[in-house]
Amino acid sequence: MASTTTTKKIFGFMLMITAFTVLLGFCSATTFKVGDSDGWTAKDDKYHGWAEGKEFNVGDSLLFEYDHNFNDVVPVIRLDYDLCQSSFAEAVYKTGQDVVTLTKPGHHYFISSNPARCKSGQKLDVHVLGDELAELEFKLNPMTESLHSPWKSQVTISSDSSNQEPVDRLTMWLRKFQRFGLGLS
């Protein structure tokens, strides 16, 4: 009888330690101020160097600080990042104090919707580390991306596709595959 009580106490203690460790992992998320003291502004290739030495993990957040009268932040796919194009974006952040939580592993791309600012370097590519198996799932099944998008709850630019031309709807659908290196070249 005494050994059963001791076993229960040891089990309870181990359970408490495990729970504490799990909670500690959730509390260790980091908020990164994009551009450090300069904030989110147009500078030659500034953000590539800024992100290069940092380790981003699922649960971390990006803080974009900027003058909302002249600027914004747009999460985009790789193709739109390369072209500095924001017309197909699902969201636009415009407050000047935007926090984006990184909810999935893989690359996350952000640009200014102003093409001149974007082309002068106001764009960011963040590689988020995480479960490699989950990252592989996103690469193999692009349709799951829309379910896990970190900006899905933000302002939607085009939520009603019923008034779009069929070719435009097809292009939008194919763009989801381009996020993972599949689809149109």
Taking interchain pairs and intrachain pairs at least six residues apart, which have beta carbon atoms under 7 angstrom, with the first residue in the stretch 113-124 and over 14 Å from His68 (Cα atoms) and touching a residue at least 12 places away in the same chain (Cβ under 8 Å) and the second charged (D, E, K, R) and not in a strand (DSSP E or B)? Ser120/Asp44; Gly121/Lys43; Gly121/Asp44; Gly121/Asp45; Gly121/Lys46
Screening Phe110, Phe88, Phe64, Phe70 for residues that are within 19 Å of Leu129 (Cβ to Cβ), hydrophobic (A, V, I, L, M, F, W, C) and out of contact with any His (no Cβ under 6 Å at 6 or more places or on another chain) leaves only Phe110
Do we have Ala51 as surrounded by 10 or more Cβ atoms within 10 Å (Cβ to Cβ), out of contact with any Leu (no Cβ under 7 Å at 6 or more places or on another chain), under 29 Å from Pro75 (Cα atoms) and at pLDDT 75 or above here? no
Only residues that are closer than 25 Å to Ser37 by Cβ and among the β-branched types (Val, Ile, Thr): list them for the stretch 88-128, please. Val92, Thr95, Val99, Val100, Thr101, Ile111, Val126, Val128
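The values are calculated or read from the model by the stated rules, or taken from the named source; none is laboratory data. If you're wondering where the values come from, they're calculated on a predicted model, not measured in any experiment. When we count neighbours, we look across all protein chains shown, and the Cβ atoms used for this are built from the backbone with ideal geometry, even at glycine.
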